[in-house]
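Since the structure comes first, as structure tokens, the remarks are kept for the end.
The values are calculated or read from the model by the stated rules, or taken from the named source; none is laboratory data. Computed from a predicted structure; not experimentally measured. Every residue, glycine among them, receives a Cβ derived from its backbone with ideal geometry; neighbour counts consider all protein chains shown.
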Amino acid sequence: MHSAFSSPQEFGSSNRTEPYISKNLPCLLVVTRCVCFNQSFEDLKSIMQSKNLTTFEELKCEVVFGEKCKMCVPYVQKMIETGKTMFPYIPNLQEVKSLLKT
């Protein structure tokens, strides 16, 4: 499977402190938490591991996150799927259109 990052071993591991979009291009905006409830993905992952949780729904029953703006939801789902806790920020379509107009 093709990865947008330099390598799965480097991204999200203790060897790197930030994600890379390509081999030499660092991602400037990194998503590491639910901002609305100040829940880091690292903490959410730890909760899942300590309580043997495997699904998004099980995690939602244990801790509050992703209920206001919901922007962290796809990142938490990706965390559950991949085990990674740092992600490049991906703007939504409205933000991209707004940026292109200026």
Considering only residues that are within 27 Å of residue 91 (Cα to Cα) and of a type in the set (D, E, K, R), which ones fall in region 30-57? 33, 42, 43, 45, 57
Can you pull out every residue in region 50-69 that is surrounded by 12 or more Cβ atoms within 10 Å (Cβ to Cβ) and either under 17 Å from the mean Cα position of the chain (by Cα) or not in a helix (DSSP H, G or I) (or both)? 51, 53, 56, 59, 60, 63, 65, 66, 67, 68
From the set of residues in region 72-102 that are modelled with pLDDT under 90, assigned to a loop (DSSP other than H, G, I, E, B) and not polar (S, T, N, Q), which is farthest from residue 50 (Cα to Cα)? 91
